[in-house]
Amino acid sequence: MAVNEKNMEIIQIVALALLQGLTEFLPISSSAHLILLPIIAGWEDQGLAFDVAVHVGTLAAVIFYFRATIRQLIADWFRSLQQRQTVGESKLAWAVILGTIPVGLAGLFLGDFIELFLRSPLVIAATTIIFGLLLGFADWQGKRDRTEQQMSWKDILIIGVVQALALIPGTSRSGVTMTAALMLGLTREAAARFSFLLSIPVIFLAGSLETIKLIEADQATDWFALTAGAIFSAISAYLCIFLFLKLLERIGMWPFVIYRLALGGILLFIFS
């Protein structure tokens, strides 16, 4: 019996870690899936420490994938400070910083409210459907003729403000930022790249906040679960980013729209 319990524990670790890695960067909401899978599978909540671990894994994956771009952004950002003018990719670096401020403020002031009142399956069903439809509309109507380097400061601010909506489970941070970017005329690949770059400070800030809570809670730590979770989420996240950017122009956003509508409908049927 002990062996079966251990096997189930490993299955839970691997399933949740792979799910986090795959859904963090696809426009289908990682938070919704991490909330729903334990409910559907009848598992106990994975706990704060495990959530931190799998987010560390996804953060490592996106940083490693965009490592050359990140080095360029940081170098040009410092050069722009010294020269007091735009240098190379410094505007994109400032865009990432500016686009992160709204979600940081929203998380600081509204995080507890969202945690208490907006994590129900019905809320997730509603946001999954609504923002899925918006994603489909943006993919259909967007001009898709600009790169992330061609964004105006107004565009950047709009995407940043919209990103704050992703604090509501089921919305999808990558989904709403790509939706806004597509509506503003960015190509699919440019919308995805900017969304992924925006994820770096957001995941870092969220993970830091959860880490502080974890330290204050002073709970026992299962290092095997945390290490395995971080590794599996990092691998699946890296593969997800690679394949998503490679296939995006060919498949578009509609497979994810259809998935969101189907998932939302199933949730409404089950929990209403």
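Just ALA61, ALA225, ALA192 to compare: in a GNM of the chain, with alpha carbon springs under 10 Å, which one fluctuates most? Result: ALA225 has the largest fluctuation of those listed.
Taking amide hydrogens as modeled 1.01 Å from N in the peptide plane, which residues meet the under 5 Å criterion relative to GLY170, leaving out close sequence neighbours? Residues meeting the criterion, in which the H sits 1.01 Å from N, are SER31, ALA32.
3J(HN,Hα) along the range 116-126, derived from phi through the Karplus expression 6.51 cos²θ - 1.76 cosθ + 1.60 where θ = phi - 60°, amounts to 7, 10, 10, 10, 7, x, 5, 4, 4, 4, 5 Hz, with x in place of Gly and Pro.
Distance between the modelled labels on TRP223 and TYR259, one decimal in nanometres: 3.5 nm (7 Å Cα→Cβ projection).
Evaluating 6.51 cos²θ - 1.76 cosθ + 1.60 at θ = phi - 60° for every residue in the range 182-188, the Karplus couplings come out as 5, 5, 8, x, 6, 5, 4 Hz, glycine and proline recorded as x. Among ILE241, ILE200, ILE258, the largest mean-square fluctuation in a Gaussian network model of the chain, built with springs joining Cα atoms closer than 10 Å, belongs to ILE258.
Per the Debye formula on identical point scatterers at the alpha carbon atoms of the range 40-171, with no solvent, log10 I(q)/I(0) at q = 0.14, 0.19 Å⁻¹ is -0.91, -1.35.
Computed extension gain for PHE269 through LEU48, at 0.36 nm per residue and net of the alpha carbon distance, reaches 76.6 nm. With all protein chains kept in place, the per residue accessible area of the range 44-165 amounts to 56 square angstrom at a probe of 1.4 angstrom. With helices as the sole contributors, the chain gives -27500 deg cm²/dmol at 222 nm; each DSSP H run of n ≥ 4 counts as -39500 (n - 2.57), and the sum is divided by every residue. Taking the accessible area of the range 70-205, probe 1.4 Å, and keeping the other protein chains in place, the carbon and sulfur fraction comes to 67%. Hey, if you put +1 on the Cβ of every Lys and Arg and -1 on every Asp and Glu Cβ in the chain, which of VAL54, ILE159, GLY111 ends up farthest toward the positive end of that dipole? Value computed over the given set: ILE159. Between LEU245 and GLU216, what's the calculated FRET efficiency when r is the beta-carbon distance and R0 is 30 Å? Round to 0.05. According to the calculation, E is roughly 0.20. Rounded to the nearest Hz, the phi-derived 3J(HN,Hα) couplings of the range 152-169 under the Karplus curve 6.51 cos²θ - 1.76 cosθ + 1.60 (θ = phi - 60°) are 8, 5, 5, 4, 4, 5, 4, 4, x, 5, 4, 4, 4, 5, 5, 5, 7, x, where x marks glycine and proline. Specify the residue with the greatest mean-square fluctuation among LEU34, LEU108, LEU92, computed from a Gaussian network of the chain linking alpha-carbon atoms under 10 Å apart. Answer for the Gaussian network model of the chain: LEU108.
The values are calculated or read from the model by the stated rules, or taken from the named source; none is laboratory data. Model, not experiment: these values are computed from the prediction. Glycine gets a Cβ as well: all are built from the backbone with ideal geometry, and neighbour counts include every protein chain shown. Note: areas computed on protein heavy atoms with side chains; ligands, DNA, RNA excluded. Shrake-Rupley method; radii C 1.70, N 1.55, O 1.52, S 1.80 Å.
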